[in-house]
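Structure, as structure tokens:
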Amino acid sequence: MGLERLGVTPDLAAYVGDSPEDVQMARAAGVYAVGVPGGFPNREALQASGPDLLAESLDSAVGALLRRAG
């Protein structure tokens, strides 16, 4: 697994994506799921997939992740 190769535990990682499948992949990896609407046309499906954070932009997602890291 990529996190193991990097020496990072899942609780210290986040997965950012723009589709419900990205949220599913984050869940499968045990990491914090961040949804950012982008090229994927169905914002409602992204929100319904239940990301830990739904951000308006990549910039706002990064800011929220930095604040979360403390």
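Scanning region 25-56 for residues that are at negative phi, small (G, A, S), within 12 Å of the chain's Cα centre (by Cα) and part of a loop (DSSP other than H, G, I, E, B) yields S49, A55.
Among the residues examined, D22 does not qualify as of a type outside the set (V, I, T), open to solvent by 70 Å² or more (accessible area, probe 1.4 Å) and outside any loop (DSSP other than H, G, I, E, B).
Anything in region 25-53 that is open to solvent by 80 Å² or more (accessible area, probe 1.4 Å) and under 17 Å from A64 (Cβ atoms)? List them, or say none. Once the filter is applied, which keeps residues that are open to solvent by 80 Å² or more (accessible area, probe 1.4 Å) and under 17 Å from A64 (Cβ atoms), region 25-53 yields only Q47.
The values are calculated or read from the model by the stated rules, or taken from the named source; none is laboratory data. Every value quoted in this text rests on a predicted model; they were computed, and no experiment measured them. Virtual Cβ from ideal backbone geometry, glycine too; neighbours counted across all protein chains shown. To get the accessible areas, we keep the full protein, side chains included, count just its heavy atoms, and leave off ligands, DNA and RNA. Shrake-Rupley method; radii C 1.70, N 1.55, O 1.52, S 1.80 Å.
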